1. Probe radius 1.4 Å, ligands and nucleic acids ignored: give me the carbon and sulfur share of the accessible area of the range 91-146 as a rounded percent.
2. Can you work out the Karplus-derived ³J(HN,Hα) for every residue in the range 88-98? Use 6.51 cos²θ - 1.76 cosθ + 1.60 with θ = phi - 60°, whole Hz, and x for glycine or proline.
3. How big is the antiparallel share of DSSP beta bridges in the range 1-115, given as a percent to the nearest 5?
4. Take the range 38-87, compute every pairwise Cα distance, and split them into 5 Å bins from 0; I just need the percent in each bin.
5. Which whole-number value in Å² is the accessible area per residue of the range 36-79, probe 1.4 Å?
6. Summarise the long-distance tail of P(r) for the range 45-138 by giving the % of C-alpha pairs beyond 16 Å.
7. Which one, GLN24, GLN75, THR36, projects farthest toward the positive side of the charge dipole computed for the range 7-98 from Cβ point charges (K/R +1, D/E -1)?
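The values are calculated or read from the model by the stated rules, or taken from the named source; none is laboratory data. In this text, all values refer to a predicted model and were calculated from it rather than measured experimentally. Every residue, glycine among them, receives a Cβ derived from its backbone with ideal geometry; neighbour counts consider all protein chains shown. Note: areas computed on protein heavy atoms with side chains; ligands, DNA, RNA excluded. Shrake-Rupley method; radii C 1.70, N 1.55, O 1.52, S 1.80 Å.
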Amino acid sequence: MRDGVELLAHRYYSAGVGSELGSQPAVLVRSCYGITGPFGLIGTLFAERGFQVVLQNCRGVGGSQGVFRPFFDEQNDGEDTVNWLTRQPWFAGNLALWGGSYLGNTAWAIANSPAAAKVRAMGLHVTLTNFHDRTYAFGGYTLEAAIGWTLTMAEVARSKGMNLLASLLRMRRSRMLAEKAIAVLPLKNADRVVAPRVSPGGRTG
C-alpha cells in the first residue's frame, strides 16, 4: 500500500493458466472476515468457471499488516490493490469486483476512487454504498446492529479470520453479550462489554 503496509492475498486460477501469463479475466474480493475456510471456496468456484481471483485480507486482518479501522482505509487500500493487480504479468485487462456486505462495501470504495476506470464489472449483493445509512436507519443510531457487528469483528480478531462453524456455535453467547452491552449505562461503556481487552486506538478495559 502507499504507506508501505503489505496486505496478504491468495490468487486462484484455472488449470492451464501459468503464474506469469494468462488471458482469463480477474475477480478481486477484499475481505475483513479472512480469506480461508468458506471464503477460500470463493476462489475455487471462480477458478472452476474460467476466472482468476485475488482474495485479499483487509489491513489488520488475517495476516495483513496494519490496524483494521472499518471503512477508513478501504478506498486507498482498494485503489492501491487495483493498481498493483493491473501491473501483474498475468493480468489480461479485464477486472471485476465481487462481494457482499462489508466485502461489497470495499468494492464500492474502489468504485469511488480513481481506480474505478480500471474496473469492467461489479457483482455485489446485500451491501450498501454508504453504511451510514444502515447505522442511522429509522431516524436514529442503530446501536443493536452496531454492537452485533462489533461482536462479529471481535471474533474475527480472536480467530485471525472468520471461522464460520465457531461463529455459529458462539452465536447464542454473542446475542447475550449484545443484550448486556445495550443495557449498559452510560452507553459509552458498551464497548467494554463487547471487547473488554483493547480496541485499536481505544482504551483497555
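1. Values: 1700 of 3070 Å².
C and S atoms contribute 55 percent here.
2. 6, x, 8, 7, 9, x, 10, 10, 10, 10, 9
3. Values: 4 of 13 bridges.
If I count the DSSP bridges inside the range 1-115, around 30 percent turn out antiparallel.
4. Histogramming the range 38-87 at 5 Å steps yields 4, 17, 22, 22, 21, 10, 3 percent.
5. Working: 1990 Å² over 44 residues.
Accessible surface, normalised per residue, equals 45 Å².
6. On the way: 2557 of 4371 pairs.
Across the range 45-138, Cα pairs with separations above 16 Å total 58 percent.
7. Going by the charge dipole, the pick is THR36.
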